[in-house]
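Here is the structure we will look at.
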Amino acid sequence: DEKEAIALLQESASRGDLDAQLFLARYSLNILKNPEKAFYWFGKLADRGNLAAQLYVAGSYRFGFGVKKNEQKERQF
């Protein structure tokens with residue numbers, strides 16, 4: 001069951017599992033088409049040093065994708 005699988009992934013991601021966070025970030029962006037939710041999960045990964053996620057977060061701040069534009073925060077990543 002897809003709903004059950006996503007619930008288990010969310011539980012793991014909330015506990016800090018990097019693979020689960022990455023899956024949910026990509027799932028939110030590509031399947032759900034929800035940039036806000038994708039930004040949330042990519043932000044978690046970016047805070048833990050994932051370079052691809054840092055680039056995604058910086059770009060999101062630059063272009064206002066899933067988050068309000070913010071040049072200062074963009075430069076932090």
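The values are calculated or read from the model by the stated rules, or taken from the named source; none is laboratory data. Source: prediction; values computed, not measured. Don't worry about glycine lacking a Cβ; one is built from the backbone with ideal geometry, like all the others, and counts go over all protein chains shown. Surface accessibility is based on the protein's heavy atoms, side chains included, excluding ligands, DNA and RNA. Shrake-Rupley method; radii C 1.70, N 1.55, O 1.52, S 1.80 Å.
Restrict the check to region 50-58 and report whether at least one residue is assigned to a loop (DSSP other than H, G, I, E, B), at positive phi and modelled with pLDDT of 95 or more.
no
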- Are any residues in region 66-77 open to solvent by 100 Å² or more (accessible area, probe 1.4 Å) and not in a helix (DSSP H, G or I), and if so, which ones? 68, 69
- Message: Consider region 48-64. How many of its residues are surrounded by fewer than 16 Cβ atoms within 10 Å (Cβ to Cβ) and under 23 Å from residue 14 (Cα atoms)?
- Response: 5
- Query: Could we say that residue 3 is at negative phi, assigned to a helix (DSSP H, G or I) and surrounded by fewer than 15 Cβ atoms within 10 Å (Cβ to Cβ) here?
  - Reply: yes
- Query: So which residues in region 7-44 are open to solvent by less than 30 Å² (accessible area, probe 1.4 Å), of a type outside the set (Gly, Ala, Ser) and without any contact (Cβ under 8 Å) to a residue 24 or more places away in the chain, if there are any at all?
  - Reply: 24, 42
